[in-house]
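Report on one structure; see the data block that follows.
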Amino acid sequence: MAKRRGLPDWGVLQWARRFLAVCAWASALFVAVGADAHADVDTSTGLGDNTLTNSVVEEPEFTDVIQNMTVPAGRSVRLACSVKNLGSYKVAWMHFEQSAILTVHNHVITRNPRVSVTHDKHRTWFLHISDVREEDRGRYMCQINTVTAKTQFGYLHVVVPPSIDDSLSSSDVIVREGANVTLTCRANGSPKPTIKWKRDDNSKISISKGHSVSEWEGEVLEMARISRLDMGAYLCIASNGVPPTVSKRVKVSVDFPPMLWIPHQLVGAPLYYNVTLECFTEAHPTSLNYWTRDDGHMIHESAKYHMENTIGAPAYKTHMKLLIRHIVTEDYGTYKCVAKNPRGESDGTIRLYTSSPPTTTPDPRAITVLPPSKPPRRDTPLTDKGTKYQSNLNEIDKGKQKSDEGGGKTHLNWVGGASQVTDKADLRRNHPLILVLIFASWLYLN
């Protein structure tokens, strides 16, 4: 059996059919439009076909190539086709990819109102396209209707700035702590845009445990086991070298139950003083925060109590404060700080107990010296003199004995805020002074 010969590729056949259709259409138009021009020439000369046959006519030629053009969408563009010796021949413009005839000579064939044609004394034929769109991209063919059609091509490249397709991109998301998160960003443009992800506050993106990056390239951003530290805004940035660069902001919220931290669980304060109790809480969504007593009754704002909640950074942190004014005995006991949100509840206890008021330590160098005793009156009976003197001497001896028994140690006695210090060295130092005072008193009485 004879081997079958290979058949041509179907795509090639389709392309050939399309090309032949365009050429046939163009030729028909050329014939229709050019018929009048030939008739005019023959009539004006009166020589008919014999004159044209006997004269030598140079065929038209292209004098320059069609420059490839790159234009942003929305702008206008002009393609130029330069010829010589055109004579009675015609120039046509076609969009090759769309198999569409745009213009023939001075006539606009397409119904596209953005297309027009002009020429420079039949030497250069300009194809004008206003408000260029992405579908205008492709090869444009300039053709001269010679017996064997002459053609040349120029390429129009339309660049389109990036635009993010919201319908195919992620919006704000809310997830529970510990879950996996996938963010998607799709963008259109020409050339095809590249996508980068960054955090709005320029902190690092946690891809997985131990793997953090400053930015992530790609349409899809996946984060494993997200935590509250990953909460915030993420920017999807699309660029393709055609300004402007565009971005989309995606907010990621991480929900978790409240957590409490109490810096001081035991707080002491004296009677009639003011005291402040503190709790720190973390929660998302934002928790309802309040204080209670040990009996469960909620504490309300009053002349006795003042409550203050300060939002921290990040915003899921809160600093709780309870001010208790002019403490009385009934104020001592247990206090609770409570935080609730849709994910859970947490509380912590603080015990307030009584303490001594703060004191100032006196200077031990400050010594109080007692003044000497007032001498007896003149009318005091003489029989008591010896007894008084003996009493004074006995007191001196007792003081000396106590000083000796103390082993020279210093004794501090608080009296009216000042200290009275006695030791063996001071007694020895003041002993002559005491004897002089006693002797002076004895002379006075005698």
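Data overview
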{"item": "Heavy-atom surface of segment 208-336, accessible at 1.4 Å and reported per residue (Å²)", "result": "55 Å²"}
{"item": "Charge tally in the Cβ shell below 13 Å around Arg293, where Lys, Arg are +1 and Asp, Glu are -1, Arg293 excluded", "result": "-2"}
{"item": "Estimated inter-spin distance, Arg225 and Tyr305, nm [label 7 Å along Cα→Cβ]", "result": "4.1 nm"}
{"item": "Accessible surface, 1.4 Å probe, highest first, among residues Phe153, Phe126, Phe256", "result": "Phe153, Phe126, Phe256"}
{"item": "Rounded to the nearest 10 Å², the accessible area of Tyr353 at probe 1.4 Å", "result": "90 Å²"}
{"item": "Segment 151-286: Rg to Rh, with Rh as the Kirkwood radius over Cα pairs", "result": "1.28"}
{"item": "Listed peptides 337-345, 135-143 by packing density, highest first (mean Cβ within 10 Å)", "result": "135-143, 337-345"}
{"item": "Semi-axis lengths, Å, segment 84-201, gyration tensor of Cα atoms, sqrt of 5 times eigenvalues", "result": "49, 12, 12"}
{"item": "Pairwise label distance in nanometres, Ser88 with His122, each label 7 Å out on the Cα-Cβ vector", "result": "1.1 nm"}
{"item": "Surface accessible to a 1.4 Å probe, Met231 within the full protein complex, Å²", "result": "40 Å²"}
{"item": "Relative contact order, percent, segment 174-331 [alpha-carbon distance under 8 Å, six or more residues apart]", "result": "19 percent"}
{"item": "Solvent exposure, largest accessible area first (probe 1.4 Å, DNA, RNA and ligands not counted), of Ile129, Ile164", "result": "Ile164, Ile129"}
{"item": "For Lys251, distant residues with modelled amide H under 5 Å away", "result": "Asp172, Val173, Tyr234"}
{"item": "Segment Phe153-Glu61, extension gain: residue separation times 0.36 nm, minus the distance between their alpha carbons", "result": "31.7 nm"}
{"item": "Segment 143-240: GluC sites (Glu not before Pro) in DSSP coil with no more than 15 other Cβ atoms inside 10 Å", "result": "Glu215"}
{"item": "Segment Asp165-His326, length gained on full extension (0.36 nm per residue, minus Cα span)", "result": "51.7 nm"}
{"item": "Hz values of 3J(HN,Hα) by residue in segment 334-350 - Karplus curve (6.51, -1.76, 1.60), Gly and Pro given as x", "result": "9, 10, 10, 9, 10, 10, 10, 8, x, 8, x, 9, 8, 9, x, 10, 10"}
{"item": "Probe 1.4 Å, all protein chains present, accessible-area order of Lys84, Lys336, Lys248, largest first", "result": "Lys84, Lys336, Lys248"}
{"item": "In nm, spacing of pseudo-spin labels at Ile174 and Ser76 (7 Å Cα→C-beta vector)", "result": "5.3 nm"}
{"item": "Flagged links, alpha-carbon separation over 31 Å, of Lys251/Lys304; Lys304/Lys340; Lys204/Lys317; Lys192/Lys317", "result": "Lys251/Lys304; Lys192/Lys317"}
{"item": "Local net charge near Ile226, Cβ-Cβ under 10 Å (Lys/Arg +1, Asp/Glu -1)", "result": "+1"}
{"item": "Surrounding net charge for Asn85, when Lys and Arg each add one and Asp and Glu each subtract one, Cβ distance under 9 Å", "result": "-2"}
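The values are calculated or read from the model by the stated rules, or taken from the named source; none is laboratory data. Fair warning: this is a prediction, and the values are worked out from it, not measured in the lab. We place every Cβ from the backbone using ideal geometry, glycine too, and count neighbours over all the protein chains shown. In case anyone asks, the SASA skips ligands and DNA or RNA and just uses the protein heavy atoms, side chains included. Shrake-Rupley method; radii C 1.70, N 1.55, O 1.52, S 1.80 Å.
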